[in-house]
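What follows is a short report on a single structure.
Any read-out appearing in this document is the output of simple, stated calculations on the displayed coordinates, not a laboratory observation. Everything numeric here is computed off the predicted structure, so don't read it as measured data. Please note: Cβ atoms are built from the backbone with ideal geometry, for glycine as well, and neighbour counts cover all protein chains shown.
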Amino acid sequence: MMHTESKNKNLAIFLIILLLMALLYYWGYKPLAAQKEALETEVETLEIRHSELLTKQINRETLLEEINLYHESIAYIENKVPSVINQERIITLLNDMEEATNIQFNTIQFSEKEELLTQEIIVKDEEGHERTQEEQVSLIEVNLNYQSSYLAFKDFLMYLEDLEQRVIISGFNLSMANEQLVGSMNLKFYSLYYEGRAIQESYVPDGFLSDMPQGKTINHTSQNIIN
């Protein structure tokens, strides 16, 4: 009888332990495991999001660098191409070429101003608002005869190379006569204008005309340039 009671008691204790383990599993471990799994999933999601944002940041920085390079390219082109071109500006520049290089221009022929391109583009202002902007590209060609020494002609080519505003030689020929280089050349002068772009005062560097007397004959101005 005592043996049976002891056996029943041990069985009851065993069942109570199983019950406590079951309660601990369902009320303790299982919720914690579910929370752990949820946290692991959230961490994984955050890691993926972080990776995506990091990639976007890298792409954004690359894009900004490309935009800056694009703006620098535009600025370089604009600096090389003036906003306005006309015969008066070209004559002033040719006069400066003669003074700076000792080349002599004998005859000059101007073409009519040609509008090469007129187009409308969409631009954004500083506030991000879009507007339509018209751009105009113009050209004046100059055919001229010249004579110079070899060194003067070399200085002339260097002058064009160093000139802030781009002037293009589209063709020239030369020969020797009385120990001088003589020939003809074609120069192309372009302009790029759009609303809001500053209009340059002149091709010529600042100060070139500042010492010229007003209302008097300018002795050092070449007469060949207007023949």
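Observations, loosely collected:
- Summed side-chain charge close to L116 - residues other than L116 whose Cβ falls under 12 Å, Lys, Arg +1, Asp, Glu -1: -2
- Charge context of I103, other residues only, Cβ under 13 angstrom, K/R +1, D/E -1: -3
- With neighbour counts taken as other beta-carbon atoms within 10 Å, the residues S175, S83, S148 rank, fewest first, as S175, S83, S148.
- With bins 5 Å wide beginning at 0, the percent of Cα pairs of region 150-191 falling in each bin runs 6, 20, 25, 26, 13, 6, 3, 0.
- Extension gain from E114 to V182, taking 0.36 nm per residue of separation minus the Cα-Cα distance: 21.6 nm
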